[in-house]
Amino acid sequence: GSETVALRQLMPPELLERSRTCPFDPAPGLEQRRGQGPVQPLELGNGARAWLVTGFAEAREVLADPRFSSDRIRYRDATQMQPHEAAELASAAERGEPVRPAPIESRTDGMFIFMDPPEHTRLRRLLTGQFTVRRMKALESRVTEIAVEHIEAMKAAGTEADLVPAYALPIPSLVICELLGVDYAQRDAFQENTAVALSSTATDEQRARAGGELYAFIAQLIAAKRANPADDLLSGLVHDADPPLTDAQLIDLALVLLGAGHETTANMLALGTFALLDNPEQLAALRADPGLIDQAVEELLRYLSIIQLGVTRIATESVTVGGVRIPAGATVVIAVPEINRDSRRWSDPDRLDLRRERTAHLAFGHGVHQCLGQQLARIEMRIGYTELFTRLPNLRLATPAEEVPLRNDMLIFGVHSLPVTWA
Ligand code: HEM
């Protein structure tokens, strides 16, 4: 599917060649590069030359530096290029040509995750203004209800389930329904289309159809919120922005929330559960001291990272990081999974240790684009793991750990399914 193509372009062949053998450690290709310095040259799958950042301090430097852009519309992102474009870019760089941004005066879309300040700043502020303490508190009790309902449904249906469709996918999907104010009657269709749009087994055609339906659905939802504002984030965005946002911007904002908030959280829930089941002494520590949960969530975020390879930026001018010169126009891959195992920052970084002293990790990124939904993601994980392990005290894997299918083929890592039993 298109995701595999995107991943193949992004991932240098040597990084993709060997699939993960340990479901929790960074891809073997990334691990192989350990000890080669915090900033390394990298050849992408499409032949483009890029740079790989594996050091924690260097990653924060890049992510805080406005000379590195997130704007893939203005600047050419090598991970999105066809091989011939990658070759053209390389020869332009060799000739020392400066990067010329595409001549766009102002962006009219709402894909703020791919924007730079000041365009990014306005949209980001509008959104953060909607993530109020009161709204987060209300969502917290809804997350609990949603988690409990799904566990009870699993129990009512027998003593075995696939935790991915039964628990990990619906929780963040329903939370986004709450945020956007999707009617209860329409939630099944919304969830179904989201699942197909993100599925690795659906055909390109099925995915495109589901994506089209989601788009149309969100457009209708915005029209409904314009007519009848309710107490949800989308209504807030529709009515609070001055000057008002266009429909195109609002649709993009909703799609960014869905795109950034669903698959990530779902895979943290499933892979995090898998990691705890596979480390029984750690799970026992959490069961013995439920107060450990906040620390456990942070350690799971660090240990698993969830992003397959990393987040990317484009150098708008030549910049030296960690003693290495990154030329103008170069694409930089911030290797989040490796960075979260940086031994200069964590002792014994490859060990899952819920009692580890808390040190900031990079799982939510850094700088102006740092995850906007992190507070909500933490709520979903804290409640998601707690309810699961409390209500299913005998929870364990229903297949050998080696047989759990891993998302080696996806931009967001995790498991395709997680068969569990609680008999
Ligand atoms: C951005 C990770 C959950 C909304 C990001 C970024 C990372 C990240 C690494 C930075 C991307 C970059 O710098 O290019 C995660 C992880 C999650 C999670 C690991 C789950 C465990 C969520 C949730 C939401 C959300 C639940 C909202 C409902 C966003 C948004 C951005 C973002 C809107 C873009 C922010 C911006 O560009 O200013 N996330 N995220 N995320 N995340 Fe999350």
Q. Zone of LEU255 (label point 7 Å along Cα→Cβ, backbone N under 14 Å): which residues in segment 69-83?
A. 73
Q. Averaged per residue, what accessible surface does the chain expose to a 1.4 Å probe, in Å²?
A. 43
**Q.** Rh (Kirkwood; distinct C-alpha pairs) - segment 272-423, Å
**A.** 17.3
Q.
Take GLU357 and ARG325, extend 7 Å from each Cα along the Cα→Cβ direction, and tell me the distance between the two endpoints in nm.
A. 4.0
Q.
Which of the three applies to segment 347-395, rounded, prolate or oblate, going by the alpha-carbon gyration tensor with a ≥ b ≥ c and a/c under 1.5 meaning rounded?
A. oblate
Q) On alpha-carbon atoms, Rg over Rh for segment 186-247 using Kirkwood Rh? A) 1.09
Q) What's the Kirkwood radius of segment 11-147 in Å, using all Cα pairs? A) 18.6
Q. Among ARG356, ARG76, what's the order by accessible area (1.4 angstrom probe), most exposed first?
A. ARG76, ARG356
Q. Applying the Karplus parametrisation 6.51 cos²θ - 1.76 cosθ + 1.60 with θ = phi - 60° to the phi angles of segment 137-154, what ³J(HN,Hα) value in whole Hz is obtained for each residue in order, glycine and proline being reported as x?
A. 4, 5, 5, 4, 6, 5, 4, 4, 4, 5, 4, 5, 3, 6, 5, 4, 5, 5
Q) Scattering from the C-alpha atoms of segment 123-168 alone, worked out with Debye: what is log10 I(q)/I(0) at q = 0.19, 0.34 1/Å? A) -0.68, -1.12
Q: Work out how much length SER200 to ASN408 would gain on full extension: take 0.36 nm times their residue separation and subtract the Cα-Cα distance, in nm to one decimal.
A: 73.8 nm
Q | Residues listed by number, segment 225-244, amide nitrogen under 13 Å from ARG125 label point at 7 Å toward C-beta | A | 241-243
Q | Solvent-accessible area of PHE112 with every protein chain in place, 1.4 Å probe, in Å² to the nearest 10 | A | 10
Q) Stretched out fully, how many nm does the piece from ALA230 to GLU43 gain, at 0.36 nm a residue minus the Cα gap? A) 62.4 nm
(Q) How much length would be gained if the chain were fully extended between GLU149 and ALA90, taking 0.36 nm per residue of separation minus their Cα-Cα distance, in nm to one decimal? (A) 15.8 nm
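Give me the Å³ per residue figure for the convex hull around the C-alpha atoms of the chain.
Hull volume over Cα atoms, normalised by residue count, gives 140 Å³.
Relative to the compact-globule scaling 2.2 N^0.38 Å, provide the ratio for the alpha-carbon radius of gyration of segment 238-330. The partial results should precede the final answer.
Details: Rg = 20.3 Å, N = 93, 2.2 N^0.38 = 12.3 Å.
Against the empirical 2.2 N^0.38 Å value, I get 1.64 for segment 238-330.
The values are calculated or read from the model by the stated rules, or taken from the named source; none is laboratory data. These figures come from a predicted structure and were not determined experimentally. Cβ sites come from the backbone with ideal geometry, for glycine too, and all protein chains shown count toward neighbours. Accessible surface areas use protein heavy atoms only, side chains included; no ligands, DNA or RNA. Shrake-Rupley method; radii C 1.70, N 1.55, O 1.52, S 1.80 Å.
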